Structure formats: C-alpha cells, structure tokens
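The values are calculated or read from the model by the stated rules, or taken from the named source; none is laboratory data. What you are looking at is a predicted structure, and each value in this text was computed from that prediction instead of being measured. Here the Cβ positions follow ideal geometry from the backbone for every residue, glycine too, while neighbour counts run over all protein chains shown.
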Amino acid sequence: MGKVTVRAYRPEAAEGAIVYFHGGGWVVGTLETYEPLATALANAAGAVVYNVGYRLAPEHPFPAAVSDAAAALRWVAERAAERERIAVAGDSAGANLATVVARRARDAGGPALRHQLLVYPALDPTMATASYRELGDGYLLSAADMGWYWHQYIGCADPSHPDLAPARAGDLGGLPTATVITAEYDPLRDEGEDYARALEAAGVPVTLRRWPGVTHGFFRWRAATPAAGEAIAAAGEALRAALTN
C-alpha cells in the first residue's frame with residue numbers, strides 16, 4: 001500500500017474529528033467532488049472532517065479500500081490533535097467502509113470511536129431486499145448500476161466476507177453509537193434500515209431516519225433539495241453531541 005491522501009476541513013473552534021469515506025460505488029468519487037459536503041458537515045458538526053482519498057476499483061478491488069480506510073483512521077487516532085474524540089462517517093460505498101473500520105477498531109481494542117454516521121449504506125452484494133425489487137429501476141440508482149459497482153469492487157474476493165458485506169457480519173455488540181440515514185426512493189434503503197435494527201438488537205444506541213421523497217445521493221445535493229441541508233444539519237447535530245459529551 002502506498003500513501004493515502006487525506007484532506008482536512010477545519011471549522012473554527014473544532015471539537016473532535018470525523019473520518020469521512022466518500023461514496024461512488026468504490027469506483028468513482030474524489031476528494032474534490034466531496035469537498036462541498038465535507039465543508040458543510042464540518043461546519044454542522046463543529047468538528048474537523050478528514051476526507052479520505054482511498055484507492056478505487058476496478059484497478060484496486062477489495063480489500064484495497066478497506067486497507068486505506070483503516071490506515072487513515074489509524075493516522076487520525078495517532079497524530080491528529082482531536083484524536084481523543086473520533087467518529088467515522090460515510091455515504092453509500094463510503095458508509096460500507098465506515099462500518100468495517102468501526103468493527104475492526106472494536107476488535108483491535110481501539111481506537112475508541114464516539115459515533116458512526118452511515119448515510120444510505122451499501123452493505124449486501126446479494127441485493128435481495130424488497131427495496132431492490134420495488135425501486136431497482138427508475139429511481140436514479142438502479143439495481144443494474146449497483147450490480148456493476150459490486151462486481152468492480154469484489155473482484156476475486158468471497159462476496160460473503162464481512163469486511164466486504166457488513167450485512168453478513170456476526171456480533172455487532174460493542175460498536176459505537178450510530179446515526180443511519182436512508183432515502184425513501186433508494187434500492188439500498190432496506191439494507192441500511194435492516195442494519196440499523198441489527199445494531200439496535202445488539203445493544204448499540206441507534207437513530208434511524210428515512211428521508212421522504214428523495215433518492216440515493218440526495219445528501220450531497222444542497223443546491224437541488226432542502227432535504228440535503230436538513231439531513232446534514234441532523235447528522236451534524238448527532239455528531240456534535242457524540243463528540244462533545
């Protein structure tokens with residue numbers, strides 16, 4: 001593994017750090033395209049957002065992104081001024097990575113995380129939920145699209161590996177508190193909500209919010225829908241509470 005690029009967004013009077021993994025199906029997405037969201041989330045949470053430029057598939061299939069995500073979290077935990085107050089966060093494919101590094105940190109005995117923000121997470125390559133059947137075509141992100149992204153990311157790996165498919169992970173106890181945000185018209189909706197319920201069943205405090213009337217990707221679209229600003233504000237409030245208490 002080479003160097004992992006991490007870009008920091010620091011608001012005034014920042015308390016805590018958010019290690020953010022961007023979406024894009026593990027194939028697309030850059031630090032530049034996610035700069036507006038990283039800035040908005042940093043301001044909403046009152047915390048430094050460390051936006052992680054992990055390696056992308058198909059040139060770098062699983063587990064390259066996981067390795068980079070874990071390395072970035074270690075760097076923040078070891079070197080950042082805010083290392084005593086850390087949360088992980090991500091949207092879509094990035095939320096997948098956030099769940100994986102949170103579980104790995106638990107299993108390794110650290111770093112201790114305060115919270116995990118999971119925005120419409122991609123968690124199960126079987127794509128077998130009801131929302132895939134109901135919303136798999138005609139709602140911006142299609143089932144065919146997700147099948148293609150999963151194929152690029154999985155490569156030759158076992159698709160049931162829990163670091164690839166967090167929906168298949170076993171014990172979820174002892175993970176940090178979570179905020180899970182889903183979109184009403186999103187094929188990924190049900191797997192995110194199922195994961196939230198699994199966390200809750202394992203004793204993890206969870207706030208689950210389904211945003212009505214929006215599709216996958218809305219979290220980034222502040223110029224297009226008021227729902228984005230509302231969701232970022234809600235996410236920022238949850239992160240601020242977790243990082244300052």
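Some notes on this structure:
- Of all residues making up the range 202-240, the number that are assigned to a helix (DSSP H, G or I) and crowded, with 16+ Cβ neighbours inside 10 Å: 13
- Residues in the range 30-52 that are assigned to a loop (DSSP other than H, G, I, E, B) and crowded, with 21+ Cβ neighbours inside 10 Å: 2 in all.
- Check on Y132, in contact with a Ser or Thr (Cβ under 8 Å, 6 or more places away or on another chain) and either aromatic (F, W, Y) or loosely packed, with under 13 Cβ neighbours inside 10 Å (or both): no
- Among the residues of the range 140-148, at least one is over 18 Å from A65 (Cα atoms), modelled with pLDDT of 95 or more and crowded, with 18+ Cβ neighbours inside 10 Å.
- Within the range 10-24, the set of residues being crowded, with 21+ Cβ neighbours inside 10 Å and farther than 17 Å from I181 by Cβ comprises A14, G16, A17, V19.
- As a summary of the residue check, D68 satisfies the conditions (1) crowded, with 16+ Cβ neighbours inside 10 Å; (2) touching a residue at least 24 places away in the same chain (Cβ under 8 Å); (3) not β-branched (V, I, T); (4) not in a helix (DSSP H, G or I) except for the one numbered (4).
- Total residues in the range 127-149 satisfying the condition of being touching a residue at least 12 places away in the same chain (Cβ under 8 Å), assigned to a loop (DSSP other than H, G, I, E, B) and either among the β-branched types (V, I, T) or over 16 Å from S92 (Cβ atoms) (or both): the figure is 1.
- Criterion violated by E84 - all others in (1) touching an Asp or Glu at 6+ places or on another chain (Cβ under 7 Å); (2) in a loop (DSSP other than H, G, I, E, B) satisfied: (1)
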